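*Asks:* Sharing a structure with you now.
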Amino acid sequence: MKPLICQSCGFPFSEEFRGTNRDHTKSMDFCISCFKNGEYTDHHLTMHELERRLLEMAHEHNEISLEEAQQIIKRLPNLKRWKMTNIL
Ligand SMILES: [Zn+2]
């Protein structure tokens with residue numbers, strides 16, 4: 001099975017970290033840290049803010065490499081959550 005990519009934060013996630021829909025089924029699109037009970041956990045999150053966080057994770061916390069961060073940032077505009085917001 002190919003890894004799932006969260007359609008909000010762009011991170012790959014495994015089966016057990018799937019978010020939950022309102023009817024308590026598991027989401028195929030979002031990870032548990034982005035999506036719970038059919039709602040985004042952070043309604044105010046923007047793509048720009050996500051980019052900032054990713055770079056911070058890479059630069060300050062070394063949680064991911066800069067390459068990983070940039071890879072995810074490139075992916076963001078194509079994710080379901082952000083697609084619409086590009087048309088401004
Ligand atoms: Zn996510």
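*Asks:* Of the conditions (1) in a loop (DSSP other than H, G, I, E, B); (2) surrounded by 13 or more Cβ atoms within 10 Å (Cβ to Cβ); (3) among the polar types (S, T, N, Q); (4) away from the ligand (no atom under 16 Å from the Cβ), GLN70 satisfies every one except a single condition; which number is it?
*Replies:* (1)
*Asks:* OK, next. Please verify whether the stretch 24-34 includes one or more residues that are part of a strand (DSSP E or B) and among the acidic types (Asp, Glu).
*Replies:* yes
*Asks:* Taking the stretch 10-25 as the search range and keeping residues that are within 9 Å of the ligand (Cβ to nearest atom) and free of Cβ contacts under 8 Å to residues at least 60 places away in the same chain, which one is nearest to ILE72 (Cα to Cα)?
*Replies:* Here is the first cut: in the stretch 10-25, the ones within 9 Å of the ligand (Cβ to nearest atom) are 10-11, 13, 17, 19.
With the extra rule that they be free of Cβ contacts under 8 Å to residues at least 60 places away in the same chain, the set shrinks to 13, 17, 19.
Values: PHE13: 13, PHE17: 18, GLY19: 19 Å.
Looking at the filtered set, the residue picked out is PHE13.
*Asks:* Tell me, which residue of the stretch 35-52 that is outside any loop (DSSP other than H, G, I, E, B) and within 12 Å of the ligand (Cβ to nearest atom) is nearest to LEU79 (Cα to Cα)?
*Replies:* Pass one, the stretch 35-52, residues outside any loop (DSSP other than H, G, I, E, B): 35-36, 39-40, 47-52.
Okay, now just the ones that are also within 12 Å of the ligand (Cβ to nearest atom), so 35-36, 40, 50.
Values: PHE35: 14, LYS36: 18, TYR40: 14, LEU50: 12 Å.
Selected residue: LEU50.
*Asks:* Any residue at all in the stretch 78-87 that is assigned to a helix (DSSP H, G or I), free of Cβ contacts under 8 Å to residues at least 60 places away in the same chain and among the β-branched types (Val, Ile, Thr)?
*Replies:* Yes: one or more hits.
*Asks:* All but one of (1) in contact (Cβ under 8 Å) with a residue 12 or more places away in the chain; (2) more than 14 Å from the ligand (Cβ to nearest atom); (3) exposed (fewer than 15 other Cβ atoms within 10 Å of the Cβ) hold for MET28, so report the exception by its number.
*Replies:* It fails just one condition, (2).
*Asks:* Is it fair to say LEU55 is modelled with pLDDT of 95 or more and away from the ligand (no atom under 15 Å from the Cβ)? Steps first, please.
*Replies:* Values: modelled with pLDDT of 95 or more: yes; away from the ligand (no atom under 15 Å from the Cβ): yes.
Here the answer is yes, as LEU55 does meet what is asked.
*Asks:* Check GLU63, GLU51 and return the single one that is surrounded by 15 or more Cβ atoms within 10 Å (Cβ to Cβ) and of a type in the set (D, E, K, R). Outline the logic, then answer.
*Replies:* On the way: GLU63 fails: surrounded by 15 or more Cβ atoms within 10 Å (Cβ to Cβ).
Every option except GLU51 fails the conditions.
The values are calculated or read from the model by the stated rules, or taken from the named source; none is laboratory data. Remember, predicted model here, so these are calculated numbers, not experimental data. When we count neighbours, we look across all protein chains shown, and the Cβ atoms used for this are built from the backbone with ideal geometry, even at glycine.
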